[in-house]
Amino acid sequence: QVQLVESGGGLVQTGGSLRLSCAASGFTFSTLALAWHRQAPGERRELVAAIAPGGDRSTYGDSVKGRFTISRDEAKNTVYLQMNSLKPEDTAVYYCKGGRYQSVLTTLGHGTWGKGTQVTVSS
């Protein structure tokens, strides 16, 4: 059974930091590209960051460049999103997606989604 489970969301103040985790099971983690997407109420889901198998390539959305970092731990079958200098506009549900690299860059491409974790940044 394939599953992705996000954790680490919560309430933080503007300028604070938070680290999200996505634990994967049911497939070969080392071959899996992974991405973080987010969706705020009334808005479209958007790409936050993505990382290729082996971690040699990564991509970031324009709004988070320089503030967020995606990484993966092969021993723990887990991908992380380190979020620094948080802003109220970062408030959203954050979702983990696994699949082919080009597929996880989009919301419609083939892949497996987690259920999401809520991040709220207070002003």
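Calculate the FRET efficiency for V2 and E74 from the Cβ-Cβ distance with a Förster distance of 22 Å, rounded to the nearest 0.05.
Taking R0 as 22 Å, the efficiency between V2 and E74 is 0.80.
Could you give me the ³J(HN,Hα) list for segment 75-89, computed from phi with Karplus coefficients 6.51, -1.76, 1.60 and θ = phi - 60°, whole Hz, x at Gly and Pro?
Result, ordered by residue: 5, 9, 6, 9, 10, 10, 10, 8, 10, 10, 6, 5, 10, x, 6 Hz.
Let me know the longest stretch in the chain that avoids all GluC sites (Glu not before Pro) found in a DSSP loop with at most 15 other C-beta atoms within 10 Å.
The longest such stretch corresponds to 75-123.
Ordering V2, V119 by how much accessible area each has at a 1.4 Å probe, largest first, what is the list?
The ranking, largest first, comes out as V2, V119.
For the chain, what does the accessible surface come to per residue with a 1.4 Å probe? Please give it in Å².
52 Å²
Given a Förster distance of 30 angstrom, what is the FRET efficiency for E43 paired with N84, based on the Cβ-Cβ distance and rounded to 0.05?
After rounding to 0.05, the efficiency reads 0.85.
Using a 1.4 Å probe over the heavy atoms of the protein chains, calculate the carbon and sulfur portion of the accessible area of the chain as a whole percent.
Summing carbon and sulfur atoms, their accessible area is 47 percent of the total for the chain.
List the residues, sorted by chain then number, that are 5 or more residues from L86 or on another chain and whose placed amide H is less than 5 Å from its amide H.
Under 5 Å from the amide H of L86 lie the amide H atoms of G15, G16, each far enough along the sequence or on another chain.
Could you work out how much longer the chain between S63 and Q13 gets when fully extended? Use 0.36 nm per residue separation minus the Cα distance between them, nm to one decimal.
Full extension from S63 to Q13 adds 16.2 nm.
Test of understanding: given the chain, find the longest segment containing no trypsin sites (Lys or Arg not before Pro) that are in a DSSP loop and have at most 11 other Cβ atoms within 10 Å.
Here the longest segment lacking exposed loop sites spans 66-114.
Given Cα pairs under 8 Å that are at least 6 residues apart, what percent is the relative contact order of the chain?
35 percent
Just how far, in whole angstrom, is segment 19-68 from segment 74-123 if you go by their alpha carbon centroids?
Taking the Cα centre of each part, segment 74-123 and segment 19-68 sit 5 Å apart.
What order do H110, H37 take when sorted by accessible area (1.4 Å probe), most exposed first?
From most accessible down to least: H110, H37.
What are the ³J(HN,Hα) couplings of segment 49-63, residue after residue, when phi is run through the Karplus curve with 6.51, -1.76, 1.60 and θ = phi - 60°? Round to Hz, x for glycine and proline.
Calculated HN-Hα couplings, in order: 6, 9, 9, 7, x, x, x, 7, 10, 8, 9, 10, x, 4, 6 Hz.
The values are calculated or read from the model by the stated rules, or taken from the named source; none is laboratory data. In this text the structure is predicted, and so the values were computed from the model without any measurement. Don't worry about glycine lacking a Cβ; one is built from the backbone with ideal geometry, like all the others, and counts go over all protein chains shown. Ligands, DNA and RNA are stripped out before the accessible areas are found, and what is left, the full protein with its side chains, is counted by its heavy atoms. Shrake-Rupley method; radii C 1.70, N 1.55, O 1.52, S 1.80 Å.
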